Structure formats: structure tokens, C-alpha cells
Amino acid sequence: MVRIHDALDTATFDSSSTSGASQQDEPLGQAAFDLHMHDMPLEQEQQGGAGPSDAFASADAEDRFDSVNQKPEMKLVVISNRIAPFDPNQPQTGGLAAGLEPVVERSGAVWMGSSENRGDGSEQPLRLVKTGAGDVARLDLPEADYSGYYTGFSYSTLWPALHSLPDQMSGSTADYDSSGSDYDSYRKINEFIARAAFDLRDRDAFWVHDYHLLPLGADLHSPGIERPTGFFLHTPWPEPDMIKRVPNYRELMKSMLEYDLLGFQTNRDLNNFLACLRTYFGLDSKMVS
């Protein structure tokens, strides 16, 4: 895991970027967990290695985050694109569902995600369905934006870019309008989910999953949610030359820095992300032990 640097408050964008993000210098958000990493040049870790990447979590950070996890009856909100069926007659499809279903059922967490239905975009009170000790909240995502969000930007742009498969990406930064409809739909769906999550604003922490929801950390703050937020990416993270092929990549990375905790699958993914921060934002990080 990597704890977000408190120096992000004073870091700014390089105005020479050609991406669709704002060209004005803007401060980046401070981590709400109030755990700080001090300035130190970015060091490249060993580049292979499978398994969770813990290289940038200090003992103090881990202790304080664990203290949240160990609270009696912790009120956690899990958010992902899809939700496990919670049906013993249906097989699990994917590690996320298999891993999180028992967590929700036993811990009292709320799991939010897309339903199989589409809506008109109108906002409704969040409906919780009991499952074990926890609850499930299935959202009817807006029909008008779902295709652009799901098939368009998530699967035709982000997925191949994150897996370093440029030939499978639809369009390119050269011919992509930064206000393109797929990207707009991607952002609108994330904003819709954030507004729905506002009903859960008094719970203890928010744990967001995967590339469908890269900007959700920033969007959760917009309606006034002030709880700690964490994010885990279930795909690789590419090198700087690859991520810049994604339209609005700087805006997306900036929004990711609004999370208080970021998790990657391997040391390679973590180091690629930190290399992107250094390359495109001039941000350094500190190795802590």
C-alpha cells in the first residue's frame, strides 16, 4: 500500500501537458488519514515480484490503519462496479466477488455497486438489502451514460492501457476530443455513485475497487463525505509512456490522489505509478520501513 504524501497539497501540474486536463496549476488534495511521508527522491524498487506491494507503508501508518480495521463493528462501505450475487445457487465469477462476499456477510459492511438494471439518472434514497450481518446496495446506473462508461471508456480505453496493450485501445490521444462522450459518461457515472454514497456518509471508511472507479475518491469528497477512503487496483499499472495514451490521464491520476490509501497488486505496478507521478506531476515519495 502507498500512503498519499501530504506534500500533495503544494504540488502542481506541469502546464506543458497535452492531455485534456486543466492546464492551470492546481493544488493536490491532502490525505484525510493525516499520515505523512516526507520528501525523498523516488527510488525504483525491484521490478518483478508478485504479491501485494507493501513497500511504501510505514509501521506507524499500518498501525493506525489497522486500528480502524479492528474497531468493534466497524461500519465499512465497499464500492465496486459489480456486486457478488449473494446467491448460493449461483457460482462466483471472479476473485473480487469470492473474496468480498464473506467479508460483507460477516462484518456488517455495506457493498455498493451496479444492479442489472439501468435507470433514468434520477436520484433515489439508497435501498439496503440485508445479507448476513451486512447489506447490499444495488444502483440502477443511468442508461444514457452506461455504455460510454462501461463498454467505452472502461473497457475500450482504460483496460487495454493498464495492461499495456495499445493496439486494443479505441481511438488515440491524437484524435480524441478531451470532452469526448465516453470520458464524460465515465465521469458522470462516478459522480452518480458518489451522490448515492452520500447516504452512507456517517460510516467509518470507504473502500473502492478497480479501474471503473479511478476518480471516485475525488467525487466522494464533492458532496461532503469526509471519511477515510481507500482504493485497490485489480489490474496492472503501466509505465509513463503508456498511461499518457489515455485521454485525460493527468486528470484521472490527480483524482486518484484524493484517496487516502492506494493499493497495487505488485511492486512493479506501484513503482510504475510512482514513476508516473514523478514524470507528469514532479512528485517525489519516500521509502519508509
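The values are calculated or read from the model by the stated rules, or taken from the named source; none is laboratory data. Please read all numbers here as calculations on a predicted model, not as lab measurements. Backbone-built Cβ (ideal geometry, glycine too); neighbour counts: all protein chains shown.
Each row is one residue, and each column tells you yes or no for (1) basic (K, R); (2) closer than 20 Å to A197 by Cα; (3) at pLDDT below 95; (4) surrounded by fewer than 18 Cβ atoms within 10 Å (Cβ to Cβ).
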residue: E43; (1), (2), (3), (4): no, no, yes, yes
residue: S58; (1), (2), (3), (4): no, no, yes, yes
residue: D87; (1), (2), (3), (4): no, no, yes, yes
residue: G94; (1), (2), (3), (4): no, no, yes, yes
residue: S122; (1), (2), (3), (4): no, yes, yes, yes
residue: D145; (1), (2), (3), (4): no, yes, no, no
Completion exercise
Residue pairs within 9 Å by beta carbon, gap of at least six or interchain, first lying in the stretch 223-235 and on the phi > 0 side of the Ramachandran plot and in contact (Cβ under 8 Å) with a residue 24 or more places away in the chain, second outside any strand (DSSP E or B) and among the hydrophobic types (A, V, I, L, M, F, W, C), listed first then second, are G224/F198
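Of all residues in the stretch 222-231, which are among the hydrophobic types (A, V, I, L, M, F, W, C) and under 12 Å from V77 (Cβ atoms)?
I225
Could you list all residues from the stretch 129-143 that are touching a residue at least 24 places away in the same chain (Cβ under 8 Å), of a type in the set (A, V, I, L, M, F, W, C) and either under 17 Å from Y186 (Cα atoms) or surrounded by fewer than 18 Cβ atoms within 10 Å (Cβ to Cβ) (or both)?
Correct list: A133, L139, L141.
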Handout entry: Qualifying positions in the stretch 193-221 - more than 15 Å from the chain's Cα centre (by Cα) and either in a helix (DSSP H, G or I) or over 12 Å from V77 (Cβ atoms) (or both)
Key = R195, A196, F198, D199, L200
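Taking L126 as the residue in question, decide whether it is aliphatic (A, V, I, L, M), assigned to a loop (DSSP other than H, G, I, E, B), closer than 21 Å to N190 by Cβ and in contact (Cβ under 8 Å) with a residue 40 or more places away in the chain.
Values: aliphatic (A, V, I, L, M): yes; assigned to a loop (DSSP other than H, G, I, E, B): yes; closer than 21 Å to N190 by Cβ: yes; in contact (Cβ under 8 Å) with a residue 40 or more places away in the chain: yes.
In short, yes.
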Fill in the blank from the handout: The helices (runs of 4 or more DSSP H) lying wholly within the stretch 226-289 that contain at least 3 residues that are buried (at least 20 other Cβ atoms within 10 Å of the Cβ) and in contact with an Asp or Glu (Cβ under 7 Å, 6 or more places away or on another chain) are 267-281
